1. Among the residues in region B:6-19, are any under 30 Å from A:Ile122 (Cβ atoms), more than 7 Å from chain A (Cβ to nearest Cβ) and out of contact with any helix residue (DSSP H, G or I) (no Cβ under 7 Å at 6 or more places or on another chain)?
2. Restricting the search to region A:85-111, which residues are more than 7 Å from chain B (Cβ to nearest Cβ), over 13 Å from B:Asp40 (Cα atoms) and modelled with pLDDT under 90?
3. Tell me yes or no: at least one residue of region B:34-56 is in contact with a Phe, Trp or Tyr (Cβ under 6 Å, 6 or more places away or on another chain), closer than 12 Å to A:Lys166 by Cα and free of Cβ contacts under 8 Å to residues at least 24 places away in the same chain.
4. Among the listed residues B:Glu48, B:Glu62, B:Glu36, which satisfies the condition of being of a type in the set (Asp, Glu) and over 33 Å from the mean Cα position of the chain (by Cα)?
5. Starting from residues that are over 17 Å from B:Ser51 (Cα atoms) and acidic (Asp, Glu), keep the ones in region A:138-182 and report whichever is surrounded by the most Cβ atoms within 10 Å (Cβ to Cβ).
6. Here is a list of conditions, (1) surrounded by 15 or more Cβ atoms within 10 Å (Cβ to Cβ); (2) over 27 Å from A:Leu134 (Cβ atoms), and B:Leu27 meets all of them except one; can you say which number that is?
7. With the requirement that a residue be polar (S, T, N, Q) and facing another protein chain (nearest Cβ under 7 Å), what does region B:46-73 give you?
8. From the list B:Ala34, B:Ala43, which residue is at the interface with chain A (Cβ under 7 Å from one of its Cβ atoms), among the aliphatic types (A, V, I, L, M) and closer than 30 Å to A:Leu114 by Cα?
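The values are calculated or read from the model by the stated rules, or taken from the named source; none is laboratory data. Bear in mind that the values here come from a model prediction, so they are computed numbers and not experimental data. Quick reminder, even Gly has a Cβ in these numbers, built from the backbone with ideal geometry, and neighbours come from all protein chains shown.
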Amino acid sequence: MKLKSSIYIFLLLLFVMPTQAQNNDKKNKNKEELVQENKNNKDKKASDAYKKEKDRKDDDGPYKNDDGNYKKDKVKSNNGNGNAYGKNKNGLEGREFGQERARQARLQNQKRKLKFKETVVIFERRLPTLRERLQNSRILLEKQRPSLTVQAYEVKRVKLVTAEQKMTALEKSILIAQTILY
Amino acid sequence: MKYLIVLSFLFLSLTSCNNDKQKNERLDEEEQIAFEKTADSLAMVNREMDSIATTIQETSDEIDSLLNDIDNN
């Protein structure tokens, strides 16, 4: 009799415990989903920004269009496919999609870094020449001053000051670029 | 009685399998999100590099043009 009842209790427990565990698991999952949803909402903004940026530039990146203008026009490269986190895309399962995207991003990053380095090196070399030209222009302007009208001199002087400011900005940008690269 | 015990074990193993599956799915999803975040970080770095390179080129061109204006009457 005792044995029978203990077997019944055991069986009852067997049925109840997994169900309970599953319920707890579901509750936890729901909580996690809520947290994840909140996170996703935050991440969505970043992801949207990424999409917009990806749309803006085509895959080969920097920096000028064929007609020599800086790239500002929008080119859709992903045909409007989204990049929301944790979703299945392009026939790939979630994890594979993420892995593929990270791999592509790494490749893209390596390419861009190389191109970026080339650009930075070119302008690093150009910097002393520009500085020298600026110095020469300053000297030349002072030499020309007697032959120039006050207005013409003032116009040139303003341009020189602007050029000097731009030179400082350029040096700063190159410094930032060097920090990224080295 | 025996059948009941067998059935309960079957049930137990099924639920544990289901739990494992859910766990794996969640792990997969977490991994995917991690991968995608890595991709986004790299994209951000790319963007930053592009923006700096464009600024450098534009600024340099502007300086050139200003110096030309100053040097030429």
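1. no
2. A:Lys87, A:Asn88, A:Lys89, A:Asn90, A:Gly91, A:Leu92, A:Glu93, A:Glu96, listed by residue number.
3. Kept after step one, since they are in contact with a Phe, Trp or Tyr (Cβ under 6 Å, 6 or more places away or on another chain), are these residues of region B:34-56: B:36, B:40, B:43, B:49, B:53-54, B:56.
Going one step further and asking which of them are closer than 12 Å to A:Lys166 by Cα, we end up with B:56.
Then drop every residue that is not free of Cβ contacts under 8 Å to residues at least 24 places away in the same chain, which leaves B:56.
Yes, that holds for at least one residue.
4. Selected residue: B:Glu62, the only one of B:Glu48, B:Glu62, B:Glu36 that is of a type in the set (Asp, Glu) and over 33 Å from the mean Cα position of the chain (by Cα).
5. At the first step, the residues of region A:138-182 found to be over 17 Å from B:Ser51 (Cα atoms) are A:138-165, A:167-168, A:182.
Now restrict to residues that are acidic (Asp, Glu): A:142, A:154, A:164.
Values: A:Glu142: 11, A:Glu154: 11, A:Glu164: 15.
So the residue we want is A:Glu164.
6. (1)
7. Hits for region B:46-73 are B:Asn46, B:Thr54, B:Thr55, B:Gln57, B:Thr59, B:Ser60.
8. On inspection, the qualifying residue turns out to be B:Ala43.
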